[in-house]
Amino acid sequence: MTSFDIPATGVVLFHFWPSLCSQKVRLVLAEKGVDYEGRLVNIGPPMENYEPAYVRLNRGAVIPTLAVDGEIITDSLRIMHEIDRRFPGPALLPGPDDPALEKVERLLRLQNKFPFREHAYGTLTGFLRIATRASMKWRISKLEKMKRSAPDLGDAYDRKIADVARWNVTMRDEAEIEQLDQRAESLLDDLEEALTATEFLASDRYSLADAAWTVIVSRLHMQGRQHWWADGRRPHVEAWYRRVRDRPSYRDATIWDHLHFGV
């Protein structure tokens, strides 16, 4: 199992390769050129993110978690901002007097509010659909077991159990998932409009907004939704996506636009 000990110095990222938010943070680390130690937290069947040792680091029992010189930072949006603030390299946020700053923050809020987890699980088909639906029972069972083993974390586990229960209901609601799928496509209209005037989402410089949305559009690609922008349907998104995928950081951060086996 992954070690959850935190060193006094250095940068440690607790992550999982296909995790959407983990990819966002890895991409920002790659853009900034930050050296870090990656520790995998398997959120699949082992559900290592539910282990008490991890929940003590991240009370939401979610990934990623970043440790910088012994300080724990949670919430992917906050982590992205902190990486840009703390480390040298190209600035990924415009200055406070730059009107592009509000554009970046608006696009970050937009993606942060959308329930991509529910959308991703709710739109699965075939064996993956069957397996993920069955896993919900196992998730709650493990959370209840971990709660009994760590009573001091009872409140955190209660919140997570309630979260998983809501997730389970939403992913089985066909009408809700259909609405989420329509909303997910409509988000691309915001990107298309933003890209009519600039090379990147907020200006002609790559920003945190581009990093976050690169990962999201790659996930949509992996889900077979590339027809939402390809073949001239949303030409600015199509051209932007091609540009951001050509950046060295895309490869260095191992961004998933297709399933990887054996990773």
Looking at (1) over 14 Å from the mean Cα position of the chain (by Cα); (2) at pLDDT 95 or above, which is the only condition T125 fails? (2)
Over segment 223-257, the set of residues hydrophobic (A, V, I, L, M, F, W, C), over 16 Å from A202 (Cα atoms) and buried (at least 17 other Cβ atoms within 10 Å of the Cβ) is W228, W229, A253, I255, W256
Take A184 and decide whether it is small (G, A, S), closer than 15 Å to E118 by Cα and surrounded by fewer than 16 Cβ atoms within 10 Å (Cβ to Cβ). no
Being in contact (Cβ under 8 Å) with a residue 40 or more places away in the chain, β-branched (V, I, T) and either surrounded by fewer than 18 Cβ atoms within 10 Å (Cβ to Cβ) or out of contact with any Leu (no Cβ under 9 Å at 6 or more places or on another chain) (or both) is the filter here, so list the residues in segment 35-62 that pass it. V62
Which condition number does T214 fail, the rest of (1) surrounded by 14 or more Cβ atoms within 10 Å (Cβ to Cβ); (2) free of Cβ contacts under 8 Å to residues at least 40 places away in the same chain; (3) assigned to a helix (DSSP H, G or I) being met? (2)
Taking segment 246-263 and keeping only residues that are modelled with pLDDT of 95 or more and more than 17 Å from the chain's Cα centre (by Cα), one is left with D246, R247, P248
Criterion (in a helix (DSSP H, G or I), touching a residue at least 24 places away in the same chain (Cβ under 8 Å), surrounded by 14 or more Cβ atoms within 10 Å (Cβ to Cβ) and within 15 Å of the chain's Cα centre (by Cα)) met by exactly one of L29, L66: L29
Pick from L110, L208, L153, L188: which is under 18 Å from E238 (Cα atoms), in contact with a helix residue (DSSP H, G or I) (Cβ under 7 Å, 6 or more places away or on another chain) and hydrophobic (A, V, I, L, M, F, W, C)? L188
Across segment 70-84, what is the total count of residues that are assigned to a helix (DSSP H, G or I) and surrounded by fewer than 16 Cβ atoms within 10 Å (Cβ to Cβ)? 1
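The values are calculated or read from the model by the stated rules, or taken from the named source; none is laboratory data. Since the model is a prediction, treat every value here as computed from it, not as a measurement. Cβ: placed from backbone, ideal geometry, glycine included. Neighbour counts: every protein chain shown.
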